[in-house]
1. Residues in the range 229-244: is at least one without any contact (Cβ under 8 Å) to a residue 60 or more places away in the chain, away from the ligand (no atom under 11 Å from the Cβ) and either out of contact with any Cys (no Cβ under 8 Å at 6 or more places or on another chain) or outside any helix (DSSP H, G or I) (or both)?
2. Within the range 190-228, how many residues turn out to be of a type in the set (Phe, Trp, Tyr) and within 11 Å of the ligand (Cβ to nearest atom)?
3. Do we have THR13 as hydroxyl-bearing (Ser, Thr, Tyr), surrounded by fewer than 20 Cβ atoms within 10 Å (Cβ to Cβ) and over 18 Å from the mean Cα position of the chain (by Cα) here?
4. So is VAL82 modelled with pLDDT of 95 or more, touching a Ser or Thr at 6+ places or on another chain (Cβ under 9 Å) and farther than 20 Å from ASP109 by Cα or not?
5. Which one of the conditions (1) more than 13 Å from the ligand (Cβ to nearest atom); (2) out of contact with any strand residue (DSSP E or B) (no Cβ under 6 Å at 6 or more places or on another chain) does THR95 fail to meet, given that it meets all the rest?
6. Spot the failing condition for LEU113; the list is (1) open to solvent by 10 Å² or more (accessible area, probe 1.4 Å); (2) outside any loop (DSSP other than H, G, I, E, B); (3) under 30 Å from GLN177 (Cβ atoms), and only one is missed.
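The values are calculated or read from the model by the stated rules, or taken from the named source; none is laboratory data. All values reported here derive from a predicted model rather than from experimental measurement. FYI the Cβ positions are ideal-geometry reconstructions off the backbone, even for glycines, and counts take in every protein chain you see. Ligands, DNA and RNA are stripped out before the accessible areas are found, and what is left, the full protein with its side chains, is counted by its heavy atoms. Shrake-Rupley method; radii C 1.70, N 1.55, O 1.52, S 1.80 Å.
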Amino acid sequence: MMQMKEITDIKGTFKLHNGVEMPYFGLGVYLSKDGEEVVNAIKWAVDAGYRHIDTAAIYNNEDGVGRGIAECNTPREELFVVSKVWNTDQGFDTTLKAFDQSMERLNLDVLDLYLVHWPVNGKYKDTWRALERLYNEKRVRAIGVSNFMQHHLDDLLSTAKVVPMVNQMEFHPYLVQQELLDYCIAKGIQYEAWSPLMQGKIFKLDTFKALSKKYNKTIAQIVLRWDLQNGVITIPKSSKKERIISNSDIFDFEIATEDMTYLNAMDRSKRFGPDPDNFDF
Ligand code: NAD
């Protein structure tokens, strides 16, 4: 199933199942250092037009993300800020507390999207109840999960009152997981890509070198555009000004259907990050 969603510009959005508009292009800040590094990354990104920032408690940079948001040239309401509850904080009360702590570091009143970072066995349903509470109390505009395979989602949905609005997964041409993607589309769960650039390894692939020549775009621009044309939200990470700007220059071209099909068929179930069915943290 290929989604036909309209892609317009860097501020464009996909509508979540509760009606909230989520910018489909954002800045990832995993491994961006707290302080000047992440503050500058956010300012450069917002100046380039980014409206979505993806952090997590475990990234240890929520203070800097909050500063970047406060110091950038755009009102808070125009930004879409995402954070995640870390594994050791999962459970009902502990998640509520972790949320308060994240919000204090971010210096925000309302978060746009809060995610369960990993499906911690025996815990994620209680964690989800806490997210439902935060959502009902309007402390967060949307709630979702990350690294949830279909069986985790089926299990969660068997008791959930709110269907997750988003599932953020490792996603790139070597890990498409088309069945999971189709399942999420069918349930109204917006799919989102982490490590869209294969954590930097995509730059060595010949297919991408060839497409880069064909379209006269960088390899990063090709793969990020491929995400969006698949209907998948994407959050490339960089803390370098030039790359932050150039990664977002993907709204002046379109990947042809035959190249989309070819790239989707490159899937080889290859992960560069941990396996959601077998992680020990
Ligand atoms: P990524 O695929 O975005 O790759 C980032 C790497 O590519 C960095 O080393 C960066 O310096 C390099 N890079 C970026 N743009 C480049 C360019 N134009 N040319 C050359 N090199 C370039 O990897 P990521 O950081 O793992 O993923 C993106 C974001 O996804 C993270 O920052 C984080 O917000 C999120 N994430 C979430 C999870 C999760 O479990 N939910 C896991 C990993 C990452």
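1. No, that holds for no residue.
2. As a first pass, look at the range 190-228 and keep what is of a type in the set (Phe, Trp, Tyr): 191, 194, 203, 208, 215, 226.
Filter once more, so that each one left must be within 11 Å of the ligand (Cβ to nearest atom): 194, 203.
Qualifying residue count for the region: 2.
3. On the way: hydroxyl-bearing (Ser, Thr, Tyr): yes; surrounded by fewer than 20 Cβ atoms within 10 Å (Cβ to Cβ): yes; over 18 Å from the mean Cα position of the chain (by Cα): no.
Criteria not met by THR13.
4. Values: modelled with pLDDT of 95 or more: yes; touching a Ser or Thr at 6+ places or on another chain (Cβ under 9 Å): yes; farther than 20 Å from ASP109 by Cα: no.
No, not satisfied.
5. (2)
6. (1)
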